[in-house]
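Below: the structure, in structure tokens.
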Amino acid sequence: MPNPTGANTTRFEPWNDPAAKPLVEFRNVTKRFGAFTAVDKLSLSIYEREFFALLGPSGCGKTTLMRMVAGFSEPSEGEVWLDGENITGVPPHKRPVNMMFQSYALFPHMNVEKNIGFGLKQQGMAKSEIADRVGELLALTKMQDFAKRKPDQLSGGQKQRAALARSLAKQPKVLLLDEPLGALDRKLREETQFELMDLQERLGITFMIVTHDQEEAMTVADRIAVMDHGKLVQIASPRDIYERPGSRYVADFVGDINFVEGTVQSASNGLVKMQTTDGLVIECDCETEPDKNDTVWFAARPEKLVLGRTRPKITATNAVEGEVWDIAYLGDMSVYNIRLDNGEILKVSQLNASRTTEAPITWEERVWVSWTKDAGMVLTS
């Protein structure tokens, strides 16, 4: 059997296929709570087998969107479609979806296997079928040894697995995950993210996750929708969200980034030359060419910048001198805050590739920060 993650795997991008039909659709949806608009004229398509993430700060509308799929909230305007049917107004228990809450909401008086089988029992499924299905899910989530335990006898990670198994019991077409890993410690959360990805791929179920954790969204999702004030700001793959953000808002929300404001001097053949207010000239590759004299922002991730004690000889531009203002040692990397002579701070990260470094750069040293023309991007908004 071929390796599903091997080099010959067909790229999964149904959103780029004009013939592909969405599984979940929001059609010009607006949701108001009194005078407050939580979701504003939003349209969105999510495809079968996709792991889709809604990412944004608290109050941006992401949980409201998820609740409209579940049926716990209805649009003020517009429609929600699922598998070719308009489900607007359909009661939650009649929708082929299930939701896993951040609190897990396990029944405290029931053991794990009874929690998992509760929904199936309510449906009137035969005892033997329930036992088989519960057994499958216990094995799938690696909870066989904890089947007889009650929730208060489980660790946070075990509760998360039990809640996940219960959410999958009725074989929903869409599994809705509302901050599902928020209660876990960092290391367990990272491990569980990969387990979730594995599980989703094996089951072939569409997962829709709401999170404010950018790393979580970047790890698990096929696509990410970044939201702000009830609107979709950008929808793209994790790589494109990180490397090709459409605005300063997206660039700043997803990962660390440096912004330098300036004015366009020239733009041609995919190269933009800009000048900052204090005279620094920056050259940057750019897919779109802004107009001369436009105000733009050069944006560069800390890991794209190079730190050194002397000015690099390979570039006449894209180099600036400053002083080491602060250092954070994070184990796998070190992060340097470099205070430029104009008072601005540039953040530079360097991988700690060896255990020992002779004469490492330290506080208050004069250093040079440099970068190549393709290290950053030019943003116009």
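Taking a point 7 angstrom from the Cα of LYS373 along the C-beta vector, which residues in segment 261-296 have backbone N less than 16 Å away?
Answer for this model: 265-275, 281-290.
Against the globular-protein guess of 2.2 N^0.38 Å, express the Cα radius of gyration of segment 257-379 as a ratio, rounded to two decimals.
1.10
Across segment 105-173, how large is the tail of the calculated P(r) beyond 16 Å, expressed as a percent of all Cα pairs?
The proportion of pairs with Cα distances above 16 Å equals 37 percent.
Over all directions, the average projected area of the alpha-carbon convex hull for segment 1-149 comes to how many nm²?
13.2
Can you work out ³J(HN,Hα) from phi for every residue in segment 16-30, in order, using Karplus 6.51 cos²θ - 1.76 cosθ + 1.60 and θ = phi - 60°, giving whole Hz and x for Gly and Pro?
So the J values, rounded to whole Hz, are 9, 9, x, 8, 6, 9, x, 8, 10, 10, 9, 10, 6, 8, 10.
How many angstrom lie between the C-alpha centres of segment 267-326 and segment 88-117?
52
What is the extension gain from MET110 to TYR249, computed as 0.36 nm multiplied by their sequence separation minus the C-alpha to C-alpha distance, in nm to one decimal?
That works out to 45.5 nm of additional length.
When each pair of different Cα atoms in segment 121-216 is counted once in the 1/r mean, what is the Kirkwood radius in angstroms, to one decimal?
Averaging 1/r across every pair of different Cα atoms and inverting gives 14.3 Å.
Taking amide H positions as placed in the peptide plane 1.01 Å from N, state which residues far from LEU177 in sequence (5 or more) or on other chains have amide H under 5 Å from it.
Those qualifying (amide H under 5 Å, at least 5 residues apart or on another chain) are MET100, MET208, ILE209, VAL210.
What number, in percent, do you get for the relative contact order of segment 15-249 if the mean sequence gap of Cα pairs under 8 Å and at least 6 apart is divided by its residue count?
Values: 434 pairs, mean separation 65.5, N = 235.
That works out to 28 percent.
For helix 112-122, report the angle its Cα long axis makes with the longest principal axis of the Cα atoms of the chain; keep it between 0 and 90° and round to the nearest 10°.
Approximately 60 degrees, to the nearest 10.
For a quick check: with amide H placed at 1.01 Å from N, whose amide H comes under 5 Å from MET125's, ignoring anything fewer than 5 positions away on the same chain?
Distant-sequence amide H within range of MET125: zero hits.
With labels modelled as points extended 7 Å from the Cα through the Cβ direction, what inter-label distance (nm, one decimal) is found for GLU201 paired with MET333?
About 2.4 nm separates the two model spin labels.
For THR88, list long-range residues whose amide hydrogen, built 1.01 Å from N in the peptide plane, is under 5 Å from its own amide hydrogen.
Those qualifying (amide H under 5 Å, at least 5 residues apart or on another chain) are VAL80.
Loop-only check: which chymotrypsin sites (Phe, Trp or Tyr not before Pro) in segment 297-381 are DSSP coil with at most 11 other Cβ within 10 angstrom? Don't skip to the answer; put the middle values down first.
Values: sites: TRP297, PHE298, TRP325, TYR329, TYR336, TRP363, TRP368, TRP371; in loops: TRP363, TRP371.
Passing sites in segment 297-381 are TRP363.
Debye sum, Cα scatterers, segment 210-264, no solvent: what log₁₀ I/I(0) at q = 0.15, 0.28 1/Å?
The calculated log intensity ratios at q = 0.15, 0.28 Å⁻¹ are -0.41, -1.24.
Quick check on the chain: helices-only [θ] at 222 nm, where DSSP H runs of length 4 and up contribute -39,500 (n - 2.57) each and the sum goes over total residues. Nearest 500, please. Write out the running numbers ahead of the final one.
Values: 8 runs with 84 residues, N = 381.
The helix-only estimate for the chain comes to -6500 deg cm²/dmol at 222 nm.
Using Cα pairs closer than 8 Å and at least 6 residues apart in sequence, work out the relative contact order for segment 257-379, in percent.
For segment 257-379, the relative contact order is 30 percent.
Can you give the angle from 0 to 90° between the axis of helix 127-140 and the longest principal axis of the chain, with both taken from C-alpha atoms, to the nearest 10?
Relative to the chain, helix 127-140 is tipped by roughly 20 degrees.
Ordered by residue, what ³J(HN,Hα) values in Hz, to whole numbers, does segment 152-164 give under the Karplus form 6.51 cos²θ - 1.76 cosθ + 1.60, where θ = phi - 60° and Gly and Pro are x?
Those phi angles translate into 6, 9, 10, 6, x, x, 5, 4, 4, 5, 5, 5, 5 Hz.
Over segment 15-249, consider all pairs of different Cα atoms and compute the Kirkwood hydrodynamic radius from their mean reciprocal separation; express it in Å, one decimal.
Details: mean 1/r = 0.0543 Å⁻¹.
Final number for the Kirkwood radius of segment 15-249 is 18.4 Å.
Enter the angle in degrees (range 0 to 90, nearest 10) between the Cα long axis of helix 186-203 and the first principal axis of the Cα atoms of the chain, meaning the one along which they spread out most.
60
State the Kirkwood hydrodynamic radius of segment 200-322 in Å, one decimal place, computed from all pairs of distinct Cα atoms.
Roughly 16.8 Å, rounded to one decimal.
In whole Hz, with x marking every Gly and Pro, tabulate ³J(HN,Hα) for segment 332-341 from phi via Karplus 6.51 cos²θ - 1.76 cosθ + 1.60, θ = phi - 60°.
6, 8, 10, 10, 10, 9, 9, 8, 6, 5
If you average the sequence gap of Cα pairs under 8 Å that are 6 or more apart and divide by the length of segment 264-303, what percent do you get for the contact order? Don't jump to the answer; show the numbers that get you there.
On the way: 54 pairs, mean separation 15.8, N = 40.
Relative contact order of segment 264-303: 40 percent.
With springs connecting C-alpha atoms under 10 Å apart, model the chain as a Gaussian network and identify which of SER73, SER128, SER354 has the largest mean-square fluctuation.
SER354
Using a Gaussian network model on the chain with a 10 Å cutoff between Cα atoms, which of GLU129, GLU79, GLU201 fluctuates the most?
Of the options given, GLU129 has the highest mean-square fluctuation.
Write down the Å³ per residue value for the convex hull defined by the alpha carbon atoms of segment 139-274.
152
Going by how many other Cβ atoms sit within 10 Å of their own, how do SER247, SER76 line up, fewest first?
Working: SER247 17, SER76 13.
Starting with the residue having the fewest Cβ neighbours, the order is SER76, SER247.
Where a number appears in this text, it was derived from the coordinates with a stated rule and is not lab data. On a predicted model such as this, the values are computed, not experimentally measured, just so you know. FYI the Cβ positions are ideal-geometry reconstructions off the backbone, even for glycines, and counts take in every protein chain you see.
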